[in-house]
Amino acid sequence: MLRAAILLLLLSGCAVPGAEPVRSQAPVAVAPTDASLLQGFKWRAIEVGALRVVPASNVYLRFDGLLATGHDGCNGFSGEHELLPDRRIRFGVLHATRIGCFSDEIAAQAERFGRMLGGTVHYALQNGDGNDVQLILTAPDGQRLVFQRERWTVAERGPMPAPFPQTSPSLIVSRNWRVVTIHGTPVSGGSLLSLDPVNGKVEVDGGCNSISGPFNFVPSEQKVRFGALTATRKACAEAAMNEQERRLLEALQGTMIYSVADGLLTLTAANMKTVVFRYMGRVGIAYRAGTASVAGK
């Protein structure tokens, strides 16, 4: 009885006002390599950097196709993400609203949350309380974000962006794509392609010359149709670059089937020859999440 009383006193004396610290728990893997488990759920944060989330601060993350959206407790945010080998996620630049926070505590939490979603993190899935699935994101410095998986309610899902189907043109336009292979042959330097949906114009920075021309989608057939493309005529310093640009210009002709998977855009011609591009981020994004301020200050 005496030992139990002493133990109870010691435990009660460890309480710290404010944010509640949490004990680390060894992950219990739940299909850790199945990245599809990340999609279509609301991941509600329960731990931000070894501290419990401030009650009712509504911190969450969601993955929709190539998009990452969510709320840091003060502001909503959205941006691009890419799944990498070895259970890693690379977040692009996230943009956020500029609404003030209700307290210094929530503002500090939002700052920590935003910093930890910068760059590349490791992810793991584990069984949480009641066998609910938890997502753990670990930053390079060892700090963790822990999320509990939830399904969206009808009210929550309404204003949120619906997941992009892998056949949607929205996955392709207004993004930078670096060429990886032309007809199965790896390329050096990596020309950048972008599709402007407003003007219906494709632009390619070939590394030496620029390629441009019209395009339009045939969404029902998962196809993109290129018009007559033209290129500038600068002499490249390396003959190999001239040849690479010529091959790319010849490859992007007529109607091609498009597909997006694992951060790669594949364009397939009628003769089944392909041009493969790697996603390099959205065109023109220049803002970042995690810049919270306290309302009224």
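Of the residues that sit in the stretch 247-278 and are over 27 Å from the mean Cα position of the chain (by Cα) and part of a strand (DSSP E or B), which one is surrounded by the fewest Cβ atoms within 10 Å (Cβ to Cβ)?
Here the answer is Gly254.
Of all strands (runs of 3 or more DSSP E) completely enclosed by the stretch 45-116, which ones contain at least 1 residues that are polar (S, T, N, Q)?
67-72, 76-84
In the stretch 71-121, which residues are within 24 Å of Ser170 (Cα to Cα) and of a type in the set (Phe, Trp, Tyr)?
Phe77, Phe91 - these are the residues of the stretch 71-121 that are within 24 Å of Ser170 (Cα to Cα) and of a type in the set (Phe, Trp, Tyr).
Considering (1) among the hydrophobic types (A, V, I, L, M, F, W, C); (2) in a loop (DSSP other than H, G, I, E, B); (3) at pLDDT below 80, say which one Leu37 fails and leave the rest.
(2)
Provide a single number: the residues in the stretch 51-82 that are polar (S, T, N, Q) and closer than 23 Å to Asn176 by Cα.
Of the residues in that region, 2 qualify.
The values are calculated or read from the model by the stated rules, or taken from the named source; none is laboratory data. Keep in mind that what you see is a predicted model, and the values were worked out from it rather than measured. Cβ: placed from backbone, ideal geometry, glycine included. Neighbour counts: every protein chain shown.
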